[in-house]
Structures are given as structure tokens and as C-alpha cells.
Amino acid sequence: MKTKIIYATMTKHSKKIAEAISKELNVPAENVKSNPATGELDLLFIVGGIYGGESLPEMLTFVKGLNNKVKKAVLVTTCASKKNGQNSVRQLLKERGIEVVDEFIGRGGFLFMHLGHPNKNEIQDAVDFAKKQIR
């Protein structure tokens with residue numbers, strides 16, 4: 001299965017999660033700021049945080065550039081409230097004909113809210129979630 005991991009991060013939490021998933025799946029994690037090429041993919045992991053209720057602009061720009069050569073996507077999200085998913089990303093994927101298989105939403109920290117999150121166990125939960133998606 002051809003798989004890729006991309007991430008966008010402001011606080012480096014998404015990078016930590018993407019790199020942990022990368023290590024487990026033996027698939028490189030790439031920052032969307034480097035404008036990674038996707039080509040034909042069976043599965044794209046999109047790792048990102050929610051800031052003020054929205055995904056980062058660079059993530060939205062990247063997803064707008066995707067085409068239907070990407071068959072499926074899995075969202076891995078951090079959010080201080082642990083309630084908001086990557087809804088704008090999900091909508092953009094749908095508009096491009098890319099199926100969103102599932103979404104993991106973990107606790108993130110921002111400024112003084114939820115310092116220390118995601119913690120080691122929460123990162124491992126994201127990794128375990130990702131492993132289930134490729135089976």
C-alpha cells in the first residue's frame with residue numbers, strides 16, 4: 001500500500017505525532033511547508049492541529065492542491081478542547097473525491113492551556129490508531 005504522512009504545525013505537536021507515526025510505519029513524514037509531492041497514493045495521513053477552531057492555512061492550501069490520485073485519507077488531529085476535528089480539511093478532501101476513512105482527535109496544548117499535551121501516552125494512542133488504519 002502506497003502511503004504518505006504530511007503535517008502542518010505551529011507548536012511542533014503535530015510534527016512529534018507525525019514523526020512517531022513515521023517511525024512506526026517506516027514512512028517519511030513531510031511538512032506541508034515543503035510542498036511535498038503526493039502522486040498516486042492509497043492512503044494519506046494528514047496530521048494537524050486546530051487553532052482558534054481551524055486548521056492552519058498552509059494545511060488548507062496543501063489540501064486544495066490535492067487531486068483524486070489520492071484514494072483515501074486519515075486525519076490525525078490535536079485540539080486543546082479535544083472536541084474539534086479538521087472539518088475544513090475533511091470538506092476539501094470530499095470536494096476532491098478523496099474519502100476520509102477516519103479521524104483521531106487527541107488533546108493538544110496551546111499557550112497555557114493543557115500544557116504538556118500531547119503527552120507520551122497520547123502520542124502512542126495516535127500511533128496505535130495509525131497502525132490500525134493500514135491493516
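How high is the relative contact order of the chain, in percent, with contacts defined as C-alpha pairs under 8 Å that are six or more residues apart?
Numbers: 267 pairs, mean separation 32.2, N = 135.
Normalised by residue count, the contact order of the chain is 24 percent.
Roughly how many debye, to the nearest 20, is the charge dipole of the chain about its Cα centre, given +1 on each Lys and Arg Cβ, -1 on each Asp and Glu Cβ, and no other charges?
Here the size comes out at about 60 debye.
Percentage of Cα-Cα pair distances in the range 1-87 greater than 23 Å, rounded to whole percent? Mind showing how you got there, number by number?
On the way: 575 of 3741 pairs.
The answer is 15 percent, as a whole percent.
Output the antiparallel fraction of DSSP beta bridges having both residues in the chain, as a percent to the nearest 5.
Details: 2 of 27 bridges.
Counting only bridges with both partners in the chain, antiparallel ones make up about 5 percent.
To the nearest 500 deg cm²/dmol, what mean residue ellipticity at 222 nm is calculated for the chain from DSSP H runs of n ≥ 4 alone, each contributing -39,500 (n - 2.57), summed and divided by the residues?
-10000 deg cm²/dmol
Could you calculate the contour length gain from Glu58 to Asn119, that is, 0.36 nm times the residue separation minus the distance between their Cα atoms, to one decimal place in nm? Intermediate results must be reported in sequence, preceding the final value.
Working: separation 61, 0.36 × 61 = 21.96 nm, distance 2.49 nm.
So the extension gain works out to 19.5 nm.
Could you state the accessible area per residue of the range 12-133 in Å², with a 1.4 Å probe and every protein chain left in place?
Numbers: 6460 Å² over 122 residues.
Here the per-residue accessible area is 53 Å².
Highest mean first, what order results for 66-78, 120-132 on Cβ atoms within 10 Å? Walk me through the intermediate numbers first.
Values: 66-78: 20.0, 120-132: 16.1.
The densest-packed peptide leads the list: 66-78, 120-132.
The values are calculated or read from the model by the stated rules, or taken from the named source; none is laboratory data. Given the structure is predicted, the values throughout are model-derived calculations rather than measurements. Positions of Cβ are generated from backbone atoms using ideal geometry, with glycine treated the same way; all protein chains shown enter the neighbour counts. Quick note on the areas: whole protein, heavy atoms, side chains included, nothing else; ligands and nucleic acids left out. Shrake-Rupley method; radii C 1.70, N 1.55, O 1.52, S 1.80 Å.
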